[in-house]
Amino acid sequence: MRIFTHADAAGHLTPPGHPERAERLAAVKAGLSEVEQGGLALDWREAPLASRDEVLRCHPASYHDRILAAVPAEGWAQLDGDTYLSPGSYRAAMRAVGGIAAAVDAVVAEGGAAFVAGRPPGHHAETTRAMGFCLFGTVSIAAKRALDHHGLSRVAIVDFDVHHGNGTQDLLWDEGRCLFASSHQMPLYPGTGSPQDRGAHGQVLNLPLRAGTDGAAMRAAYDRIILPALSDWKPDLVLVSAGFDAHRDDPLAGLEWEAADYRWLAARLWEVSGGRVVSTLEGGYDLPALAASVAAYVGEMTRLGG
Ligand SMILES: [Zn+2]
């Protein structure tokens with residue numbers, strides 16, 4: 001498994017008490033160390049800075065430039081109720097976008113799997129609106145890169161973060177070459193994710209889950225709805241918005257998944273992918289649960305040959 005990350009990811013600072021904090025990256029690294037201590041080899045690579053044009057695959061230039069101009073010289077600039085910029089935020093976000101771009105390039109060229117350990121997350125960022133801790137639609141930009149730069153014809157995004165990926169749905173609403181399948185707690189922030197929302201080409205698949213849904217119920221729902229849809233789609237590449245906040249210990253939501261459920265997801269997603277998976281970190285706010293879940297997910301996909 002290739003791991004794309006960069007020290008700049010910890011340079012995106014949020015105000016004291018904010019759940020999306022730099023310490024999350026250390027928890028992810030602890031989880032990845034656990035994988036290595038278990039005897040599996042990880043291939044560590046530096047996440048490059050994305051170009052401005054890369055961001056423009058999904059956002060207008062005016063939006064990119066507005067984010068860049070809002071970066072404060074010190075302290076914080078607040079973009080919405082819970083989304084902040086610190087002096088290092090733009091660089092961190094551009095490493096996240098650059099990391100997933102490099103991961104897509106590597107996996108398209110050589111096959112296998114990659115995990116991008118970056119922040120801030122991206123799946124709530126809409127075309128012209130930063131929200132929910134997110135600045136740029138990282139996973140959507142990666143899908144467009146795979147389609148437009150590499151010429152793939154069928155891409156799928158699976159989003160198992162506990163929150164609906166409203167940004168991904170918005171950015172790819174008209175993109176008939178990309179299946180977007182999301183499971184999420186409902187009702188919960190951001191309030192979107194109804195199964196009636198199907199995208200312009202019927203390529204959006206929303207699977208809402210009630211608070212309290214445990215791993216067994218999640219597996220049954222994936223077996224019944226998301227995995228068959230993925231199989232039918234026959235993707236050339238599977239991108240994963242890997243948020244780990246459906247874990248039972250997570251403070252922001254109320255699902256009851258455990259680390260072993262992320263191991264199960266890794267195996268199933270690897271199986272239907274045809275051998276090309278790029279996962280990128282989204283949420284996950286209880287640090288021990290995040291470390292254990294990342295270890296389970298990355299460890300299993302690596303063990304299977306990703
Ligand atoms: Zn989330």
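Values in this text are rule-based calculations from the coordinates and carry no lab data. Since we're looking at a predicted model, the values are computed, not measured.
Using only the alpha carbon atoms of the range 1-118, find the Kirkwood hydrodynamic radius as the inverse mean reciprocal pair distance, in angstroms to one decimal.
Result for the range 1-118 stands at 15.4 Å.
Can you run phi through the Karplus equation (6.51, -1.76, 1.60; θ = phi - 60°) for the range 105-122 and list ³J(HN,Hα) in whole Hz, with x for Gly and Pro?
After applying 6.51 cos²θ - 1.76 cosθ + 1.60, I find 4, 5, 6, 5, 6, 10, x, x, 10, 8, 10, 9, 9, x, 7, x, x, x Hz.
Hey, how much of the P(r) for the chain falls beyond 32 Å, as a percent of Cα pairs?
Roughly 16 percent, once rounded to a whole number.
Take every DSSP beta bridge with both residues inside the chain and express the antiparallel ones as a percent of the total, to the nearest 5.
So the antiparallel bridges amount to about 10 percent of the total.
What ³J(HN,Hα) values, in whole Hz, does the Karplus curve 6.51 cos²θ - 1.76 cosθ + 1.60 give for the range 69-85 when θ = phi - 60°, with x put for Gly and Pro?
Couplings: 5, 7, 5, x, 6, 7, x, 10, 10, 9, 9, 7, x, 9, 10, 10, 10 Hz.
How much length, in nm to one decimal, is gained on full extension between Leu56 and Ala221, taken as 0.36 nm per residue of separation minus their Cα-Cα distance?
The span from Leu56 to Ala221 would gain 55.9 nm if fully extended.
Expected output is a single nm value to one decimal: the length gained when fully extending between Gln196 and Trp76, i.e. 0.36 nm times separation in residues minus the C-alpha distance. What is it?
Length difference between fully extended and current span is 39.4 nm.
Classify the range 203-306 as rounded, prolate or oblate, taking a ≥ b ≥ c as the square roots of the eigenvalues of its Cα gyration tensor: rounded when a/c is under 1.5, otherwise prolate if a/b is larger than b/c and oblate if not.
oblate
What length, rounded to one decimal in nm, is gained on full extension from Ala41 through to Leu68, with 0.36 nm per residue of separation minus their alpha-carbon distance?
My answer for the length gained is 6.0 nm.
If amide hydrogens are placed 1.01 Å from N in the peptide plane, which non-local residues have theirs closer than 5 Å to the one on Ala47?
Thr5, His6
How high is the relative contact order of the range 178-228, in percent, counting Cα pairs under 8 Å that sit 6 or more residues apart?
It comes to 38 percent, rounded to a whole number.
Tell me, what HN-Hα J-couplings in whole Hz come from the Karplus equation 6.51 cos²θ - 1.76 cosθ + 1.60 at θ = phi - 60° for each residue of the range 32-44, using x for Gly and Pro?
So the J values, rounded to whole Hz, are 5, 4, 4, 4, 5, 5, x, x, 9, 8, 10, 10, 7.
Could you list which residues have their amide H under 5 Å from that of Asp245, counting only those 5 or more apart in sequence or on another chain, with H placed in the peptide plane?
Counting only residues 5 or more places away or on other chains, the set is Val162, Gly283, Gly284.
Going by amide H atoms built from the backbone, whose H comes under 5 Å of the H on Leu13, apart from near neighbours?
Correct list: Ser86, Gly88, Ser89.
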